[in-house]
1. Going by the conditions given, is residue 37 out of contact with any helix residue (DSSP H, G or I) (no Cβ under 8 Å at 6 or more places or on another chain), assigned to a loop (DSSP other than H, G, I, E, B), among the basic types (Lys, Arg) and farther than 13 Å from residue 139 by Cα?
2. Among the residues of the stretch 24-74, how many are of a type in the set (A, V, I, L, M) and closer than 30 Å to residue 9 by Cβ?
3. I need a count of the residues in the stretch 32-69 that are under 17 Å from the mean Cα position of the chain (by Cα) and at positive phi.
4. So the check is Cβ under 7 Å with 6+ separation or different chains; which pairs have a first residue in the stretch 19-44 that's within 15 Å of residue 106 (Cβ to Cβ) and a second one that's exposed (fewer than 13 other Cβ atoms within 10 Å of the Cβ) and of a type outside the set (Lys, Arg)?
5. Got a sec? Which of 34, 60 is exposed (fewer than 12 other Cβ atoms within 10 Å of the Cβ), under 29 Å from residue 123 (Cα atoms) and touching a strand residue (DSSP E or B) at 6+ places or on another chain (Cβ under 8 Å)?
6. When residue 66 is evaluated against the numbered criteria (1) farther than 24 Å from residue 104 by Cα; (2) in a helix (DSSP H, G or I); (3) at pLDDT 90 or above, which criterion, by number, is the only one it fails?
7. Out of everything in the stretch 16-63 that is modelled with pLDDT of 90 or more and aromatic (Phe, Trp, Tyr), what residue ends up being nearest to residue 134 (Cα to Cα)?
8. Output the residues belonging to the stretch 131-146 that are farther than 24 Å from residue 77 by Cβ and either at pLDDT below 85 or aromatic (Phe, Trp, Tyr) (or both).
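The values are calculated or read from the model by the stated rules, or taken from the named source; none is laboratory data. Remember, predicted model here, so these are calculated numbers, not experimental data. Cβ placement follows ideal geometry from the backbone for every residue including glycine, while neighbour counts extend to all protein chains displayed.
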Amino acid sequence: MMAVTNPASTSFVLLRVGERRFAFPANIVTELAPPVRLHTFPHASPLLTGVIVRRARIIPVYDAGSVLTGKRMMSHRFYLIARREFGKATELSAIPVDGECELATGEMQPPPPGQPNYVTGTVQVRDEMLDVLDLEALVTSQPARSAGELEPEATA
């Protein structure tokens, strides 16, 4: 017997940034990469922390923690590498991720009123309601507070 799937269901990669979990549409995620050397350089982009070299490509790394939790990501277990789409252009970008990631399927609901523009909806996974993030809107957002006021994430 063939399983019937809900055509409105979508796959999401669930990830942890700080103490919170979020979801990205799985179709934009290309890989979870182990922590590698982060190359830093002087720049004026508020969320850009540097670049990594992965599979002979230079990939910008964005500190999503400063937007999502108000704290800089001082340590992480992986880089989530995903495709950013802006206009007709596509670029790989990475964000540091704490803890394990998992794949889940669910039906995306509209975001509650008053959510930031980088939250495109919510998805329920078991008993947890997670914000679904738009990578392009997220990496072009301003940090939750000015860079000088951001608290470093506690490291254990």
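1. Here the answer is yes, as residue 37 does meet what is asked.
2. Residues that pass the stated criteria total 9.
3. Residues that pass the stated criteria total 1.
4. Final answer for the pair search is 21/128; 26/103.
5. Of 34, 60, the one residue that is exposed (fewer than 12 other Cβ atoms within 10 Å of the Cβ), under 29 Å from residue 123 (Cα atoms) and touching a strand residue (DSSP E or B) at 6+ places or on another chain (Cβ under 8 Å) is 34.
6. Going through the list (1) farther than 24 Å from residue 104 by Cα; (2) in a helix (DSSP H, G or I); (3) at pLDDT 90 or above, residue 66 breaks only (3).
7. Result: 24.
8. Within the stretch 131-146, 142, 145, 146 qualify.
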